[in-house]
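The structure under discussion appears below in the form of structure tokens.
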Amino acid sequence: MTVTHHPNLTTLIAFSAGTLDEPYAAVIATHLAMSEAGRKTVRQINTIGGALLSAEPDAAMADGALDRLLDAAGDEPLQTPPAPDHALPAPLASYLPGGLESVRWKWTGPGVAVADLPVQRRSPSRLMLLRVGAGRRVPEHSHGGHELTLIIKGAYKDRFGVFAAGDIADHDEDVEHQPIAEDGEDCICMVAVDAPLNFRSRLIRTLQPLFGM
Ligand code: ZN
């Protein structure tokens, strides 16, 4: 699996620090199970964070110390084995013991369906699966907050490029886009959101409460 779109560094740092809300942490953990590059970055963040915590308050880093830390972090063995291609990555599977076949999809518009995943802790944000039929489009929208999307199966394309299995789209409220699923296979994504989407179409905005998005 070749992952070309990665989370923002601030999102990964928050994940490492344990400060992400559960829906976002679940998306990042699932991404890490699919992305060797993502696991390497998190190891580097952990190494640097540990070094900063253990450093004397006023001690300056020696020349080249950061490079040596990064090199050392890159040589550590993997802590999260990659998922076999046929299986759901473990962090997602823990929310879906019955697999994708067990999902009860809720229709939210032509070619688009969602299903909420059960979040354990009281959470102000929402974790869900989004399914976009092959060749279908999600209506153009911006985000009321932070939208973190991981592609599980299939692929979609928007103005940021093609997003395929393992890729992350890490968007804040400034981003406007219209994902269109690639032909041939439904695109299934794992999504964390902390606010409703802002659809450009007034008709869709009017119907939005019915769609549950
Ligand atoms: Zn979006």
>> Testing the spin-label approximation: label points 7 Å from Cα along Cα→Cβ at Asn8 and Ile48. State their distance in nm.
In response: 1.6
> lysines within cross-link reach of Lys40: Cα-Cα under 25 Å, excluding same-chain residues under 8 positions apart?
Replying inline: Lys153
> Looking at region 139-212, which chymotrypsin sites (Phe, Trp or Tyr not before Pro) are in a loop (DSSP not H, G, I, E or B) and have at most 13 other Cβ atoms within 10 Å?
Replying inline: Phe160
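Since every read-out is calculated from the coordinates, none of them should be taken as a lab result. The model shown is predicted, which means the values in this text are computed figures rather than measured ones. Note that each Cβ is placed from the backbone with ideal geometry, even for glycine, and that neighbours are counted across all protein chains shown.
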